[in-house]
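Colleague: This is the structure I have questions about; it appears just below.
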Amino acid sequence: MSHSTRCAACKSLRRRCPRDCILAPYFPSNDPQRFSSVHKIFGASNISKILQQLPVQERAKAADCMSFEATSRIQDPVYGCVRIISQLQQQLLITQRELVMTQAQLAFYYAQQQ
Ligand SMILES: [Zn+2]
């Protein structure tokens with residue numbers, strides 16, 4: 001048994017898309033680029049293996065993560081998503097320092113008022 005339309009993965013791999021295709025829910029036929037990126041970085045059989053090892057309710061999140069990582073790796077072959085994570089950690093550090101400074105200033109002004 002197969003769907004009337006193949007998922008992006010089966011279409012790309014030029015194979016029949018079975019009704020219980022593990023990739024179909026996460027790689028719909030209307031978004032071939034999503035599968036193409038993930039396939040290029042992880043490989044189709046690894047994607048299937050990763051999804052099979054997970055409980056069904058966590059597979060969509062895993063597919064989204066693989067898609068994000070693959071897209072990042074294609075855009076930035078050296079650092080991939082690590083560059084984005086580092087930038088966010090840096091911003092978090094700067095914001096935490098600003099918060100500490102602001103809290104210290106507030107404490108100073110409150111002390112002066114009394
Ligand atoms: Zn399929």
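The values are calculated or read from the model by the stated rules, or taken from the named source; none is laboratory data. Just so it is clear, the structure is predicted and the values come from calculations on it, not from any experiment. Note that we place each Cβ from the backbone using ideal geometry, even for glycine, and neighbour counts take in every protein chain shown.
Colleague: Got at least one residue in the stretch 94-109 being closer than 30 Å to residue 39 by Cβ and either out of contact with any Ser or Thr (no Cβ under 7 Å at 6 or more places or on another chain) or touching a residue at least 40 places away in the same chain (Cβ under 8 Å) (or both)?
Modeller: Within the stretch 94-109, not a single residue is closer than 30 Å to residue 39 by Cβ and either out of contact with any Ser or Thr (no Cβ under 7 Å at 6 or more places or on another chain) or touching a residue at least 40 places away in the same chain (Cβ under 8 Å) (or both).
Colleague: Now a separate question. Is it fair to say residue 27 is part of a loop (DSSP other than H, G, I, E, B), closer than 20 Å to residue 58 by Cα and near the ligand (Cβ under 10 Å from one of its atoms)?
Modeller: Values: part of a loop (DSSP other than H, G, I, E, B): yes; closer than 20 Å to residue 58 by Cα: yes; near the ligand (Cβ under 10 Å from one of its atoms): yes.
When the stated conditions are applied, residue 27 passes them.
Colleague: Looking at the stretch 32-56 only, could you name the residues that are in a loop (DSSP other than H, G, I, E, B) and either loosely packed, with under 12 Cβ neighbours inside 10 Å or within 13 Å of the ligand (Cβ to nearest atom) (or both)?
Modeller: 43, 55, listed by residue number.
Colleague: Return yes or no: is residue 110 aromatic (Phe, Trp, Tyr) and surrounded by 13 or more Cβ atoms within 10 Å (Cβ to Cβ)?
Modeller: No, not satisfied.
Colleague: Does residue 59 qualify as being assigned to a helix (DSSP H, G or I), touching a Ser or Thr at 6+ places or on another chain (Cβ under 9 Å), charged (D, E, K, R) and at negative phi?
Modeller: Considered against the rule, which asks whether it is assigned to a helix (DSSP H, G or I), touching a Ser or Thr at 6+ places or on another chain (Cβ under 9 Å), charged (D, E, K, R) and at negative phi, residue 59 comes out as no.
Colleague: Quick one: count up the residues across the stretch 11-24 that are more than 9 Å from the ligand (Cβ to nearest atom) and of a type in the set (D, E, K, R).
Modeller: Final tally of qualifying residues: 3.
Colleague: Can you find a residue in the stretch 57-65 that is within 11 Å of the ligand (Cβ to nearest atom) and modelled with pLDDT of 95 or more?
Modeller: No - not one qualifying residue is present in the stretch 57-65.
Colleague: Would a scan of the stretch 66-84 turn up a residue that is of a type in the set (Val, Ile, Thr), farther than 30 Å from residue 18 by Cα and surrounded by 10 or more Cβ atoms within 10 Å (Cβ to Cβ)?
Modeller: Filtering the stretch 66-84 for residues of a type in the set (Val, Ile, Thr) gives 71, 74, 78, 82, 84.
Pick out the ones that are also farther than 30 Å from residue 18 by Cα and you get 78, 82, 84.
With surrounded by 10 or more Cβ atoms within 10 Å (Cβ to Cβ) added as a condition, the list becomes 82, 84.
Within the stretch 66-84, one or more residues are of a type in the set (Val, Ile, Thr), farther than 30 Å from residue 18 by Cα and surrounded by 10 or more Cβ atoms within 10 Å (Cβ to Cβ).
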